[in-house]
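Notes for the one structure printed next.
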Amino acid sequence: MGEQDIFAVRLIIDDVPGVLRDIATVIADHQVNISMIQQAVIETGPHKGKASLYLELETDGKQEDLIADLRRLSCTHDAVQQEPFNRIYGSRVIIIGGGAQVAQVAMGAVNEADRHNIRGERISVDTIPLVGEDDLARAVDAVARLPRAAILVLAGSLMGGEVSRAVDRVREAGIPVIALNMAGSVPSHADLVVTDPIQAGVFAVMHISSKAVFDINRVRGREF
């Protein structure tokens with residue numbers, strides 16, 4: 001196989017057992033690798049009750065033949081080639097914590113991302129305000145399972161305990177963590193501690209940008 005490219009396809013399929021097997025067989029017959037897959041039951045509209053299957057595939061450029069064979073499956077109602085998420089939304093900054101702090105970090109991240117995206121980069125910002133150690137820990141652990149998640153910012157006044165252990169697991173998965181300067185043990189587990197929430201958002205975007213000069217690895221363990 002030649003130089004690899006990523007393309008995406010969205011299928012509207014019957015929501016019945018064996019569908020994924022049939023689709024995977026066609027893809028394997030074309031010697032194409034699945035790099036990402038998402039499936040959900042459609043709840044509204046003309047395809048209500050059917051399933052939406054989104055696939056990102058690695059191929060050598062013979063997309064048309066593969067899509068044609070997928071359309072021929074009896075379970076397939078539609079198959080449309082689409083742009084992969086990384087070309088649309090790019091790398092993701094994930095911000096978790098208290099509402100007021102999350103909003104301030106997001107402000108810095110969105111403003112900085114706008115500077116980069118207007119020049120052709122793709123950086124997106126995702127937030128969720130949460131309270132409670134268990135909910136926060138579950139959300140932090142889930143970051144390692146999110147597609148394209150590139151960095152996590154923890155924005156709150158008090159975090160520790162199981163949240164700190166979740167931070168360690170996320171860092172072990174290769175995702176750096178920025179924490180606001182807060183009470184609790186989380187700051188001592190993060191890669192970087194930042195007092196100003198707006199600056200924390202700016203740092204997060206600058207770290208994952210391909211054009212910025214900031215690198216969290218050069219300042220790991222420091223406080224700003």
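Where a number appears in this text, it was derived from the coordinates with a stated rule and is not lab data. As the structure is a computational prediction, the values presented were derived from the model and not from experiment. No Cβ is skipped: glycine too gets one built from the backbone with ideal geometry, and neighbour counts run over all protein chains shown.
Some observations on this one:
- Antiparallel DSSP beta bridges within the chain, as percent of all bridges there, nearest 5: 50 percent
- In the elastic network of the chain, a GNM with C-alpha springs shorter than 10 Å, the most mobile of Gln31, Gln104, Gln199 is Gln31.
- log₁₀ of I(q)/I(0) at q = 0.10, 0.17 Å⁻¹ - the chain, Debye sum with one point per alpha carbon: -0.57, -1.07
- Among Glu58, Glu121, Glu43, residue whose mean-square fluctuation peaks in a GNM of the chain (springs only between Cα atoms under 10 Å): Glu43
- Summarised as an ellipsoid, the range 48-103 has semi-axes of 35, 17, 7 Å, derived from the eigenvalues of the Cα gyration tensor scaled by 5 and square-rooted, with the largest first.
- With Cα atoms defining each centre, the range 181-224 and the range 13-64 are spaced 39 Å apart in the structure.
- By the Kirkwood approach, averaging reciprocal distances over each pair of separate Cα atoms, the range 115-224 gets a hydrodynamic radius of 14.1 Å.
- Listed peptides 86-99, 206-219 appear in the order 86-99, 206-219 once ranked by packing, highest mean of other Cβ atoms within 10 Å at the front.
- For the range 35-77, the C-alpha radius of gyration sits at 1.35 times the compact-globule guess of 2.2 N^0.38 Å, with N the residue count.
- Relative contact order computed over the chain (Cα-Cα under 8 Å; 6+ residues apart), in percent: 18 percent
- Over the range 1-116, equivalent-ellipsoid semi-axes from the Cα gyration tensor in Å: 33, 20, 11
- Here the Gaussian network model covers the chain, with springs between Cα atoms less than 10 Å apart; of Thr195, Thr44, Thr76, Thr44 fluctuates the most.
- For Glu223 and Arg145, a Förster radius of 25 Å and the Cβ-Cβ distance give a FRET efficiency of 0.30, rounded to the nearest 0.05.
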